[in-house]
Amino acid sequence: MLRPIGSLAAGLGLLAGLAAAPQLPAADKAAPQLTSGPSSESPKAPRVRKRNGTNRDVSLTHAGLERVAILHLPSAPEPAKPRPLVIVLHGLMTTAAMTQAMTRFDQVADEHDFLVVYPDGVGKMWRFWEGTGRKPPNRDLEVVDDPGYLLHLVDTLAEEKLIDRRRVYMTGFSNGGFMANRMAWEYGDRIAAIASVAGSIPNQLLDAKPVRPVPTLLIHGTEDAIVDFGGSQKFGRGTQFVGARDVAKWWAGKNHCGSPEATLLPNTCDDGTLVRQVRYPAGASGGEVCLLEITGGGHTWPGKVILPKAIVGTTCQDFSASEAIWEFCSKQALPEEKAKAPGAQ
């Protein structure tokens, strides 16, 4: 059952206020110790001494629309160099600034020395269906080239020699998670790995054919009443989507992964949740898939309570989703031949 829209709107108002307020230093919260097979693609990034980075807007015109994103640059002791990039996509009816406050990815970027960018979707949404020919039923929305914009944003940062094209990662919450999944299967030659938090894949797009095996991390609460853990036939005025376990199986099949391995992660906080990891080992061509099922968890970003429990459900405090996403993604990199700029020889 979906949460009342009025309650959700009130909660988003609280989140907007938080985004506008000065940010306090985040308490340290570690990533879960994800069990994983050996990775030959990219060494795990070392920790650096934590320093406060800086933010700036990145404005560009794409398909006739002025688009804006918030870029966070770490203040690391190393000299300027191309760094990994994490693209963080907001949920429906929220913004880049709200998501920056919710995820606190800036602090993770400062500690591990990577860039993070928070783009804004037009109308506070990501049109994950655009360009697929599968427009959701009963939706009369203007055409916006969100996939093209996100690729344009990456190219813009690469032209400034800020980022390592082999290590571009994407994550998203809710509507942003839907978009991250879509970008992965269509533009996996530009994105090294993705993570979807409380997102899914619409039934209408399950016939997609990923361009390569894409390492994928999924995080989803079993009591999510907005994007149901088990899938839904009544979402988005007609949009149907599959459950979290089926998304994991879908990616595992596309990536030719091995048999799943299930593990209970340490229960470090008495918050009424448990975390079950289901890992599908990478196949011969790479592309491991990992699902973190949060038993008792709601429509939330683990590690950070933002909205009241009555609106979004329980937030798991056993781990930081942002730290877990970085831990998973940082071990992945595109092959050299797939990391060239578009049109490069």
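Only the coordinates and a few stated rules stand behind these numbers; no lab work does. Predicted, not measured: the structure shown is a model, and the values here were computed from it. Glycine also receives a Cβ, built like all others from the backbone with ideal geometry; neighbour counts cover every protein chain displayed.
For a quick check: with amide H placed at 1.01 Å from N, whose amide H comes under 5 Å from HIS62's, ignoring anything fewer than 5 positions away on the same chain?
Placed amide hydrogens put ARG67 under 5 Å from HIS62.
Between LYS81 and SER59, take the C-beta separation as r, use R0 = 25 Å, and let me know the FRET efficiency to the nearest 0.05. Write out the running numbers ahead of the final one.
Details: r = 24 Å, r/R0 = 0.97.
Result of the calculation: an efficiency of 0.55.
Using the Karplus curve 6.51 cos²θ - 1.76 cosθ + 1.60 with θ = phi - 60°, work out ³J(HN,Hα) for each residue of region 278-285 in order, rounded to whole Hz, and write x for Gly and Pro.
10, 10, 9, x, 4, x, 4, 9
If each of ASP270 and GLU142 carries a label point 7 Å out from its Cα toward its Cβ, how far apart are those two points in nm?
5.3
For MET125, MET102, which order do you get if you count the other beta carbons within 10 Å of each Cβ and list the fewest first? Numbers along the way, then the final one.
Details: MET125 19, MET102 24.
The most exposed by this proxy come first: MET125, MET102.
Can you list residues whose amide H is under 5 Å from LEU89's amide H, if they're 5+ apart or on another chain and H is modeled 1.01 Å from N?
Distant-sequence amide H within range of LEU89: THR171, GLY172, PHE173.
Taking neighbour counts of Cβ atoms within 10 Å as a proxy for exposure, in what order, fewest first, do CYS290, CYS269 appear?
Working: CYS290 25, CYS269 13.
If I rank by nearby Cβ atoms, fewest first, I get CYS269, CYS290.
So if I place +1 on the C-beta of Lys and Arg and -1 on the C-beta of Asp and Glu, and nothing else carries charge, what would the dipole magnitude of region 176-329 be about its Cα centre? I want it in debye, nearest 20. Could the numbers behind the result be given before it?
Values: 13 positive and 15 negative charges, 100 e Å.
It comes to approximately 480 debye.
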